[in-house]
Amino acid sequence: MPEQKDKIYQFAPLDKYSFGKRLLIRLADLTFYILIRAVGSTIRFESKDEERLDAIVGSGHRPIYVTWHDRIFLGAYYLRGRGITFLTSQSFDGEYIARSLQRFGFGAIRGSSTRGGSRALVEMIRKQKLGIPMGFTVDGPKGPRYVVKSGPVMVAKKSGDPMLPAIIIPKRYFTIKSWDQLIIPFPFTRAIMAYGEPIFVPVDAGDSVSNKKLGELQASLDKLVEQGWG
């Protein structure tokens, strides 16, 4: 993993926000960080098919992590310290989420499907090529739930690195009444991180091949959920 000196690992300035909103962002950031760390430290983790991740790294590639938005609570703890960089929205909510992630050693690139999306995707491709692994909560930031978007397919095509479906779920948990039904684990429960087969996208892939790979990604994530591992 590259040294974490890149600006994507650093807090963005809050100059555009009012004093009240700056205070709320810092408060929410710390609250989520402390809560995730406190609960995550009690979880008994297991992994399934981690050799798929090892094979990617062993072949000289870097994984493009792809998961569902409702897995971010425990996923942030399990994948901490690996320098994985996620797309976060250019919004009030996106700012405190980005800061919480950065406290766990993640990078954050600002953008969304409506604001800064194309620029952000170009930046993600560039960083992936430089050796920084990208990650996608692929149905975020606002859904539809469990429907993949095309961002990771484009990064895989341009970088030559594979998409890696990755699903985590605790055995005992509750869900928040939000669009993604965010999963919150009970302390001291067991959780499994399961990996799907790596999915490569040819550099010369046209629309039909890219759509096929997007379908494979959807099917892989759906299968992990149906199997009960995620």
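The values are calculated or read from the model by the stated rules, or taken from the named source; none is laboratory data. Just so it is clear, the structure is predicted and the values come from calculations on it, not from any experiment. Please note: Cβ atoms are built from the backbone with ideal geometry, for glycine as well, and neighbour counts cover all protein chains shown.
Here are some notes:
- ILE34 loosely packed, with under 15 Cβ neighbours inside 10 Å and within 17 Å of ARG99 (Cβ to Cβ): yes
- Residue pairs meeting the criteria (Cβ under 8 Å; at least 6 apart or on separate chains; first small (Gly, Ala, Ser), in the range 179-191; second exposed (fewer than 15 other Cβ atoms within 10 Å of the Cβ)): ALA191/ARG44; ALA191/PHE45; ALA191/GLU46; ALA191/LYS171
- Residue in the range 178-191 that is over 19 Å from TYR77 (Cα atoms), modelled with pLDDT of 95 or more and not aliphatic (A, V, I, L, M) present: no
- Any pair with Cβ under 6 angstrom, 6 or more apart, that starts in the range 208-222 at a residue that is modelled with pLDDT of 95 or more and ends at one that is assigned to a helix (DSSP H, G or I) and surrounded by 14 or more Cβ atoms within 10 Å (Cβ to Cβ): SER210/VAL153; LYS213/VAL153; LEU214/VAL153
- Taking the range 159-230 as the region of interest, the strands (runs of 3 or more DSSP E) fully inside it that hold 1 or more residues being exposed (fewer than 15 other Cβ atoms within 10 Å of the Cβ) are 173-175, 190-195.
- Selection within the range 164-197 - of a type outside the set (Val, Ile, Thr) and under 14 Å from LYS48 (Cα atoms): LEU164, PRO165, ALA166, PRO170, ARG190, ALA191, MET193, ALA194, TYR195, GLY196, GLU197
- Selection within the range 33-87: residues that are among the hydroxyl-bearing types (Ser, Thr, Tyr) and more than 18 Å from the chain's Cα centre (by Cα). The member of this set that is farthest from GLN128 (Cα to Cα) is THR42.
- Qualifying residue in the range 134-152 (condition: of a type in the set (A, V, I, L, M) and within 15 Å of VAL57 (Cα to Cα)): yes
- For the range 176-228, a residue qualifies if it is of a type in the set (Ser, Thr, Tyr) and farther than 14 Å from ALA156 by Cβ, and the qualifying residues are SER178, THR189, TYR195, SER208.
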